Amino acid sequence: MALEAKYNAQNVENKWYSYWMEHDYFHSEVDEREPYTIVIPPPNVTGVLHMGHMLNNTLQDVLIRRARLKGYNACWVPGTDHASIATEAKVVAKLKSEGIEKSDLTREQFLEHAWEWTHKHGGIILEQLKKLGASCDWERTKFTMDDDLSESVIKVFVDLYRKGQVYRGYRMVNWDPQAQTTLSDEEVIYEEKQGNLYYLKYQIEGSDEYVTIATTRPETILGDTAVCINPNDERYTHLKGKNAIVPICNRVIPIIEDEYVTMEFGTGCLKVTPAHDENDKMLGDKHNLEVVDVLNDDATLNSFGLHYEGMDRFEARKKIAKELDEMGVIEKIEQHTNKVGTSERTGAVIEPKLSDQWFLKMKALAQPALDAVLEKDVNLVPEKFLNTYRYWMENVRDWNISRQLWWGHQIPAYYYGDGKEDFVVAETKEEALQMAQEKTGDASLTGADLTQDPDALDTWFSSWLWPISVFNGILEPDNKEINYYYPTNDLVTAPEILFFWVARMLIAGFEYRKEKPFTNVYLTGIVRDKQRRKMSKSLGNSPDPIELMDEYGADGVRVGMLLSSPAGNDLMFDVDLCKQGSGFVNKIWNAYRLIDGWEVSESQEETESAKRALPWYRNQFQKVLAEIEEHYSKYRISDALMATYKLVWDDFCSWFLEAVKPAYGQPIAAATKAEVISILEDNLKILHPFVPFISEEIWQHITERSPEEALIVASWPETTSYDEQLIKDFEFASEVISGIRTIRKEKNISFKETIDLSVINSEKATDAFDAVITKLGNVENLNYITEKLDGALTFRVKSNEYFVPMGGAIDVEAEIAKLTEELKYTEGFLKSVQGKLKNERFVNNAPEQVVANERKKEADALAKIETIKASLAGLET
C-alpha cells in the first residue's frame, strides 16, 4: 500500500487503537508469565482530562507498553473514584438550578439523582484516555461504588471497628461550611491571609477596671466562656478568682489560670472559646468550661449570635467590629498576617467545630508503612519526598473518616436507642438487628427500630484499598488474581496525594495483605505554564488536551509532555513542546518513506559506505539501549525518551541513512535493505512505548503480519556487548564530515561539486570509515600526506589536519582578505577574554562556572587563530 506523503495522525490513531482493542492486547489473565501490574490513580468519575492526567497516564502507558514488550504479563487496571465531596456538590448545584433543595429530598431520592448524574457524566475521562493511547485492561474497569468494592469498604470498616481501631468520638474537627461536611487534616490547605488583630477591653465584674485581649475573630467573642492568664504573670495577680464580662452579650465568665498562656504574646490575656478553637477546647476540658457554639453548619450565626442571627460569619465580623468600636471597647486594631485553613475541595475557610465523628487510630497502623519506605522496601522516586513522608507518618493523627454527605459508602453503624453508645456496627442490617437484640436482651426489636448512621465514609477510605479491592482481595483474600497480581509493581501519582492516598494504601496493604501494595512510587511534578503558575480552569492557562491531540497527534503530545518532565520536578508546559513532539513523529515518518521508496536489486553489490555504517549503527544502538535501560531502571523516563530521540533523529536519520542510501536513481543492494529494515524494527520497538501509533503503523506497513506479530506484543531488543572503539572511530569520522560541511557552507561550495581531501594523520585515525567520509563529504579523492598542502583551506579534528585544495571557483585574494579580517577580530576577542582572566578579582570572585566558560572561550579562540593562520599560510604560498 502506498504511503501518504504527510502523516495523518487521526486516521492512524483510530485505526490502530481499534485494532488493539479488537485483538485484546490490553487484557490480562493469570498465566505462567511473570506479571507486571499498575493500578491507575482513579480520577473523579465525573471529571474530564486535564494536563496533569495527560502526564500521569502517558508515563503509566510508557511503563506498561515496555513491560508488554519485555514479555511480562502486563496488567494496567483502570477505574474511577466516586469523589464524595466534589460529586455531591455538583449534584446539589444541579438540583438547585432546577429549584430543588437537597433538604427537600430523602436520602434515597437524592441518591437517584446522584446515580443519574454519575451515569450521564461518568466515564468520559476514561474514553478520553483511549485517545491518548492508554493501553488499560478496560475489561477490568472498576468504580469505587461498584458492589464488590463497596462491600469491601464496609467489611474493612467493621473489621477495624471490632479490632478497636475505629471509634466514635466528640472531637474538634475541620468543618467545610460550603460542602457542609468534616474534612481530614490532610484535606485542609493553609494559606497566608492578611487580616486584623482587634484589641478588645473586657470589663472586670464589679469594677471599672478591664483586661485587654487580642483576637482576629471578633464574631466568636459571643462564644467566650473564660479569660485565661498565666499564674506566674505578676501583672494580673490581682485578677485571680475574679470574673470578666463579654461585650455585647454581657456574659459573665471566670478568669482562669493556666501556664498554657504565653506571657510575652499579645497582652498575656487569652479569651477562651472552646467551641471554635482546638487549643481552647483542651483548656475548656481541663477547666470544665461551658461550650457555646455560635455558628450554624453553613457558617451563619445561630441564636447565640443574638441580633446577628442568620448573618454570614464574615459579614458579622465587620458588623460586630463596628458595634464594639461604637461601644468604645476596641483599644486598637493592627494589621495581622496569619495562616488560615481552607478546604482543598471547595476553597471555603474551614471552621474548627465540635462534633461526634468516626475516627481511625493511625499510630500503630502507620508504623509498617513508615518502615517499608525507610528501609527501601518501597522506593519513592525521587527520594527528596522521603523526609516529607517520614514527617507525616511520624506525626500522624487519628483519621476523621466520617463525612456529612449522602453520596458515598454509608457508615454501617446502626442506632437502636437514644444514647450515644446505643449502636452496633455490622456489615448488614440483618446482622445489626441480631447484634442489637443480643446487646439489649430485647428480642422484640425489629429492623424498623434501627436507624443507620447518616454519614458517609471519607472517599479515601475506599481508594486506600484500591490495589487490593480491584482484585477482590478483601472479600476473597486467597483468590488466584490477588495472589498473582499483588503486590503491584509501579505506582505513578502526584506528590500532593502522597499522604492522602499513597501512605494510606501502604497502611491498608500491610494490614490486609501483610505486604506492600507496590514496590516503586513514581511521583510526577505539577504541570505549570511558562510563568510557573499551576494550570487551572480559573486562570484559563490550561490547554484542552483533546484539542492538543487533534492538532499535534497523540504521539506528538506524548513526546511533548515527556520531553521535560523529570520525576518530581514541575513541568513547565509550552505548546512548542507538542510541536517538537509532532516534528519528531514526522521525522520518523519521512525516514520510513525514504527507506520504503528505495528500489531493491538482488545483483547490486553492497557499497563500502553501507558495509561500514551497518556495524557502526548496530553497536551505537546497543550503547544507547544500555543507557535507556539504565534510565528506565531509575525511572528517568524523560531521559530514556531523550536518548531514544537522539538515537533516531541524529544517529539513524542524520548519519546512518545518509551513509547507506543508494546514489540518486540507483537501486539499493537487497542485503543492505534487509539490514536497514531489521535495524528500523529495533528502533520501532524502543520507540513504541513513547509513540505507539506511528510505530505500529510503520511496523505493520513493512510487511504483512498476523495479529500475533503486532508490534504491541513484539519482543524488546536484547542487550549485547558493543565495540566502544568502533563507535569512537565513527564519531571521529563524523567530525571530519562536519568539518567538510562547514567549509562547503562558508565558501559556498555546492554539495553537488566534488572536492579533494588530504589529511596529515597525526592522530593515527583508522581509515575504516573513509568510505563514509568520501560519501557524506562528496569527496572524489581522499589522500594521506605527510607535509602541509599549499593553496588549500584547512581544518582540524583533534591533532589531524585536513586540507581542501582551492579550486578555480574560489577568489584567493578575497579569501585571504576575509580570513585576515576574521583573524583580526578573533585576536581582539582573545585579548578581551585574556584581560578578564588576568584580573585576579574576577577570577577569585566570579562563580566557578563563569570562570570556566571564559577559559573555554580562550581555548576556542586560540584553536581558531591557529586554524585561520594555517589556512592563510596555505593560500599565500
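How do 275-282, 503-510, 627-634 rank on mean C-beta neighbours within 10 Å, highest first?
Numbers: 275-282: 19.0, 503-510: 24.2, 627-634: 15.8.
Those peptides, ordered most packed to least, come out 503-510, 275-282, 627-634.
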Practice task
Among the GluC sites (Glu not before Pro) in the range 355-416, which ones are in a DSSP loop with at most 13 other Cβ atoms within 10 Å of the Cβ? Mind listing them?
Solution key: 375
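With the contact rule set at Cα under 8 Å and sequence spacing of 6 or more, what percent relative contact order holds for the range 250-349? Provide the component values of the computation, followed by the final result.
Details: 66 pairs, mean separation 10.4, N = 100.
Reported as a whole number, the value is 10 percent.
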Handout entry: Inter-label distance, nm, simple model (7 Å from Cα along the C-beta direction), residue 307/residue 873
Key = 10.3 nm
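Taking 0.36 nm per intervening residue step and subtracting the Cα-Cα distance, what contour gain separates residue 723 from residue 185 on full extension?
Values: separation 538, 0.36 × 538 = 193.68 nm, distance 5.78 nm.
Taking 0.36 nm per residue and subtracting the Cα distance, the gain is 187.9 nm.
Where Lys and Arg each count +1 and Asp and Glu each count -1, what net charge lies around residue 626 among other residues with Cβ under 12 Å from its Cβ?
Numbers: positive: 623; negative: 627, 629, 630, 718, 724.
Once positives and negatives cancel, what remains is -4.
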Problem - Farthest toward positive dipole pole in the chain [+1 Lys/Arg, -1 Asp/Glu at C-beta], among 769, 828, 57 - result: 828
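Ignoring any ligand, DNA or RNA, what whole percent of the accessible area of the range 494-634 comes from carbon and sulfur when the probe is 1.4 angstrom?
Values: 2640 of 5750 Å².
For the range 494-634, the apolar C and S fraction of the accessible surface comes to 46 percent.
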Handout entry: Pairwise FRET efficiency - residue 594 versus residue 822, Cβ, R0 = 45 Å, nearest 0.05
Key = 0.75
Handout entry: Additional length obtainable on full extension of the chain from residue 430 to residue 334, 0.36 nm per residue less Cα span
Key = 28.5 nm
Exercise for the section: Specify the inter-centroid distance of the range 223-301 and the range 617-676, based on alpha-carbon positions, in whole Å. Expected result: 75 Å
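Dipole of the chain, Cα-centred, from +1 at each Lys and Arg C-beta and -1 at each Asp and Glu C-beta, to the nearest 20 debye? Working shown, then result.
Working: 99 positive and 145 negative charges, 428 e Å.
In total the dipole reaches around 2060 debye.
Could you give the accessible area per residue of the chain, probe 1.4 Å, as a whole number in Å²? Walk me through the intermediate numbers first.
On the way: 39740 Å² over 877 residues.
With all protein chains present, the chain gives 45 Å² per residue.
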Completion exercise
The convex hull of the Cα atoms of the range 317-436, divided by residue count, gives a volume in Å³ per residue of 251 Å³
Problem - Cα→Cβ-extended label distance, 7 Å offset, between residue 798 and residue 541, nm - result: 4.9 nm
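Once you list every other residue whose beta carbon is under 15 Å from the beta carbon of residue 614, what net charge do they have if Lys and Arg are +1 and Asp and Glu are -1? List each step's numbers first, then the result.
Details: positive: 611, 612, 618, 661, 673, 775; negative: 605, 606, 608, 651, 658, 675, 681, 682, 723, 729.
With Lys, Arg at +1 and Asp, Glu at -1, the net is -4.
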Fill in the blank from the handout: Counting only backbone N atoms under 18 Å from a point 7 Å out along Cα-to-Cβ of residue 479, the residues of the range 74-94 in range are 75-80
Practice task
Amide H neighbours of residue 79 under 5 Å, at least 5 residues apart or on other chains, H built in the peptide plane: list them.
Solution key: 142
Completion exercise
Membrane-span-like helices (DSSP H runs, Cα span along own axis at least 15 Å, mean Kyte-Doolittle at least -1.0) in the chain -> 51-69, 84-97, 147-162, 363-374, 545-562, 575-596, 670-687, 692-702, 724-746, 812-838, 848-876
Fill in the blank from the handout: One finds the C-alpha centres of the range 9-35 and the range 344-374 to be spaced, in Å, by 40 Å
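Exactly which trypsin sites (Lys or Arg not before Pro) in the range 28-85 are in a DSSP loop and have at most 16 other Cβ atoms within 10 Å?
On the way: sites: 33, 65, 66, 68, 70; in loops: 33, 70.
Sites meeting the loop and neighbour criteria: 33, 70.
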Fill in the blank from the handout: Note: the chain, point scatterers on Cα, Debye, no solvent; log10 I/I(0) at q = 0.06, 0.07, 0.08 Å⁻¹ equals -0.61, -0.77, -0.91
Problem - Loop sites in the range 764-801: trypsin sites (Lys or Arg not before Pro), DSSP, at most 16 other Cβ within 10 Å - result: 764, 788, 798
Exercise for the section: Calculate the length of the line joining the C-alpha centroid of the range 506-567 to that of the range 720-736, in whole Å. Expected result: 38 Å
Problem - Inter-site label distance for residue 783 and residue 262 at 7 Å from Cα along Cβ, in nm - result: 8.8 nm
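Let me know the charge dipole size of the range 688-810 about its Cα centre in debye, to the nearest 20, where only the beta-carbon of Lys, Arg (+1) and Asp, Glu (-1) is charged. Could the numbers behind the result be given before it?
Working: 12 positive and 21 negative charges, 139 e Å.
With only Lys, Arg, Asp and Glu charged at Cβ, the dipole is about 660 debye.
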Exercise for the section: Any chance you could run the full-extension gain for residue 747 through residue 19? It's 0.36 nm times the residue separation minus the Cα-Cα distance, nm to one decimal. Expected result: 256.7 nm
Completion exercise
CD proxy, 222 nm, the chain: helix-only mean residue ellipticity via -39,500 (n - 2.57) per DSSP H run with n ≥ 4, per residue, nearest 500, stands at -13500 deg cm²/dmol
Problem - Reachable lysines from residue 361, criterion Cα separation under 26 angstrom, eight or more residues apart if same chain - result: 155, 163, 281, 286, 353, 376, 420, 429, 439, 514, 516
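Report the relative contact order of the range 408-563, percent, no decimals, based on alpha-carbon pairs under 8 angstrom and at least 6 residues apart.
Working: 161 pairs, mean separation 24.8, N = 156.
Across the range 408-563, relative contact order equals 16 percent.
Normalising by the residue count of the chain, find the relative contact order in percent from Cα pairs under 8 Å and 6+ residues apart. Don't skip to the end; give the middle numbers.
Values: 1449 pairs, mean separation 105.2, N = 877.
It comes to 12 percent, rounded to a whole number.
Over the chain, what is the percentage of antiparallel beta bridges among all DSSP beta bridges, to the nearest 5?
Taking every DSSP beta bridge within the chain, about 70 percent pair in antiparallel fashion.
Rounded to the nearest 0.05, what FRET efficiency do residue 29 and residue 633 have when you use their Cβ-Cβ distance and R0 = 22 Å?
Values: r = 28 Å, r/R0 = 1.27.
After rounding, the FRET efficiency stands at 0.20.
The values are calculated or read from the model by the stated rules, or taken from the named source; none is laboratory data. Computed from a predicted structure; not experimentally measured. Note: ideal-geometry Cβ built from the backbone for every residue, glycine included; neighbour counts use all protein chains shown. These accessible areas exclude ligands, DNA and RNA; they are computed on the full protein's heavy atoms, side chains included. Shrake-Rupley method; radii C 1.70, N 1.55, O 1.52, S 1.80 Å.
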